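As structure tokens, the structure follows; a few thoughts come after it.
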Amino acid sequence: MASGISDVKYKDLDLVKEEVAAALKELLEQSVYEEGDILVVGCSSSEVCGKKLGTFSSEEVGRAIAVTLYEECKKHGIHLAAQCCEHLNRALIIEKSVAKDRGYERVSVVPKLKAGGSFATAVYDILPDAVAVEHIRAELGIDIGDVMIGMHLKDVAVPVRIKTDAIGSAHIVCAKTRPKLIGGERAKYC
């Protein structure tokens with residue numbers, strides 16, 4: 001293994017794909033979302049493989065998760081955003097059209113296995129016309145391996161408890177967002 005990059009074939013790739021699809025399905029079942037919403041995902045392939053964050057980056061695991069999420073997001077009309085690792089200041093990989101439509105400022109970087117992470121690198125390769133941005137305000141989120149995606153969610157994030165609590169060996173946390181409740185006791189909420 002060269003400098004924290006795994007050269008080991010992951011034995012449970014099909015199970016990881018199933019767990020990813022199940023987690024997204026459960027999140028969507030418990031969320032109100034619209035076509036065009038963004039799902040932000042942070043992922044440590046090292047954690048999925050049962051290793052310490054950043055020590056065992058697996059290209060095949062990152063790609064399997066990216067492909068599964070991209071295909072599932074397309075079915076539901078939502079956009080995938082991949083959070084890069086801390087070495088790229090948690091920049092995000094999204095489609096250029098989404099960045100443009102939402103007014104997100106692009107940054108000039110391309111993720112790699114040890115600077116961005118295996119998941120973000122795979123998403124960059126998969127998305128049509130992928131770009132990097134520094135900040136987004138996503139409606140939905142999945143955090144695979146406790147990599148801290150909260151900064152990229154809209155202001156009122158709500159934890160979503162699902163049965164699928166891990167992908168591989170990585171703990172996962174899901175979130176949805178809702179509009180702020182303002183106005184106090186006289187207000188009527190929708």
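Observations on the structure shown:
- Scanning segment 77-119 for residues that are in a helix (DSSP H, G or I), free of Cβ contacts under 8 Å to residues at least 60 places away in the same chain and over 18 Å from E34 (Cβ atoms) turns up E86, H87, L88, K96, A99, K100.
- K74 vs. criteria of a type in the set (K, R), surrounded by fewer than 19 Cβ atoms within 10 Å (Cβ to Cβ) and either in a loop (DSSP other than H, G, I, E, B) or touching a residue at least 60 places away in the same chain (Cβ under 8 Å) (or both): no
- Whichever residue in segment 1-44 is of a type in the set (G, A, S) and modelled with pLDDT under 95 and, among such residues, is farthest from P179 (Cα to Cα): A2
- Cβ separations smaller than 9 Å between residues 6+ apart or across chains give the following pairs from segment 8-32 residues that are outside any helix (DSSP H, G or I) to residues that are modelled with pLDDT under 95 and surrounded by fewer than 12 Cβ atoms within 10 Å (Cβ to Cβ): V8/M1.
- Looking at segment 130-190, the strands (runs of 3 or more DSSP E) lying wholly inside it that each contain 1 or more residues that are farther than 24 Å from E47 by Cα and touching a residue at least 40 places away in the same chain (Cβ under 8 Å) sit at 130-133.
- Annotation note: of L27, L15, the sole residue that is surrounded by 18 or more Cβ atoms within 10 Å (Cβ to Cβ) and aliphatic (A, V, I, L, M) is L27.
- None of G62, G36, G42, G50 is in contact with a strand residue (DSSP E or B) (Cβ under 8 Å, 6 or more places away or on another chain), in a loop (DSSP other than H, G, I, E, B) and small (G, A, S) except G36.
- Scan segment 110-132 for residues that are surrounded by fewer than 20 Cβ atoms within 10 Å (Cβ to Cβ) and not small (G, A, S) and the total you get is 7.
- In the set (1) surrounded by 19 or more Cβ atoms within 10 Å (Cβ to Cβ); (2) in contact with a Leu (Cβ under 9 Å, 6 or more places away or on another chain), F56 fails one condition alone, (2).
- Evaluation of E47 against (1) in contact with a helix residue (DSSP H, G or I) (Cβ under 8 Å, 6 or more places away or on another chain); (2) among the charged types (D, E, K, R); (3) at pLDDT 95 or above; (4) closer than 18 Å to D14 by Cα (one fails), failing number: (1)
- Between T177, T121, the distinction of being out of contact with any Ser or Thr (no Cβ under 6 Å at 6 or more places or on another chain), over 27 Å from L15 (Cβ atoms) and hydroxyl-bearing (S, T, Y) belongs to T177 only.
The values are calculated or read from the model by the stated rules, or taken from the named source; none is laboratory data. Keep in mind that what you see is a predicted model, and the values were worked out from it rather than measured. Here the Cβ is made from the backbone with ideal geometry for all residues, glycine too, and neighbour counts use every protein chain on show.
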